[in-house]
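Every read-out reported here was derived from the displayed coordinates using simple, explicitly stated rules and does not represent laboratory data. This one's a predicted model, so the numbers in the text were calculated from it and none came from an experiment.
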Amino acid sequence: MPSALILGLAGTVLAPEEAAFFRDADPWGFILFKRNVGSPDQVRAVCAALRETVGRDAPVLVDQEGGRVQRLGPPHWPAHPPAAVYHRLDRPLKERLDLCRLGARLIAAELADVGIDVDCVPCLDVPVPGAHGIIGDRAYADTPALVARYGRAAADGLLDEGVLPVIKHIPGHGRAGVDSHLALPRVETTREELEASDLAPFVALADMPLGMTAHVVYTAVDGHDPATTSRRVIAEVIRRDIGFDGLLMTDDLGMKALAGGFDARARAALEAGCDVVLHCSGAMDEMRAVASATPALAGDAARRADAALAMRARRADPLDPVDARARLAAALASVLATDTRTG
């Protein structure tokens, strides 16, 4: 069985040292960032090379939300709008949801074309006034019910093209007062408020195959450890209250919200109940430390991983991308033009 790992690489080609390491470490999957992306042919080649190192059709992930978070972009791929754009359209809700699904499907078609089969979307965080702007327009709306509906539309759009969605940042990053890339957020609201607001979109999408934790402390549940390394948050909130039984991955172990060595971070996350640990930087010394603390996928984690990968089959008939892009661009034109004038 592969190891409970998702790893990145340093550049646009797979270096011999990386290939040898990946063959030995046998990560379950890989993740690409902008530093790994050149042309479409180059991305296809690196995806194929990564899979060749482990001898199987390993998942390749990317963060392709649109807006500020888009790893594949111009000139080879179009710029996609941020999630918040769809709710700002002056159209009935059903049309806005349909356009959100179409936008996600177009992203998925572009990813599938180059060999990427997992997109770390949708962001189900519910923003609140006064929170840090790290979520901002990455959120679909500002109420749990609407975030859930847009999130479902985006997830369905990805699945239409055989790309797996990842619900994030479970159980909710929308209240965080600091950016977890830089520091450890502490959310001090009541458990009742968390259940009524933050958790609700995740409950609505608990059937999704993959989820990503938040590096956030929720003091009403665990006053010390962030969700990623908290047994109580994972067992009581994510698995029980939300009812999520998909594969649970950490957010990036390299973020400054976490403390300690990389082996300790990986061990703590897995012992807390995460199924897979995610390390993104491609730094070899860090990857070796993470791999040293990571066992093979087994038990429920292996079952969840297999169930997720079984969902990679395309669900919808082929899309005419030229027509679809034109329809989406026409629908979004007024909102995007306003953004350009005021940005």
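General observations
- Per residue, the chain reaches -11500 deg cm²/dmol at 222 nm when only DSSP H runs of four or more residues are counted, each adding -39500 (n - 2.57).
- Phi-based couplings in Hz for region 203-219 (Karplus 6.51, -1.76, 1.60; Gly and Pro marked x): 4, 5, 10, 5, 7, 5, x, 9, x, 10, 6, 9, 7, 9, 8, 10, 5
- Relative contact order of the chain: 18 percent, from C-alpha pairs under 8 Å at least 6 residues apart in sequence.
- Residues in region 249-265 carry Karplus couplings, in order, of 10, 6, 5, 4, 5, x, 6, 6, 5, 9, 10, x, x, 5, 5, 5, 4 Hz; the curve used is 6.51 cos²θ - 1.76 cosθ + 1.60 with θ = phi - 60°, and Gly or Pro positions show x.
- Spatial separation of Cα centroids for region 19-35 and region 37-89, in angstrom: 16 Å
- J(HN,Hα) series, region 276-288, from Karplus relation 6.51 cos²θ - 1.76 cosθ + 1.60, nearest Hz, glycine and proline x: 9, 9, 10, 10, 10, 6, x, 6, 5, 5, 5, 4, 5
- Residues whose placed amide H lies under 5 Å from that of Val187, excluding near-sequence neighbours: Val217, Tyr218, Thr219
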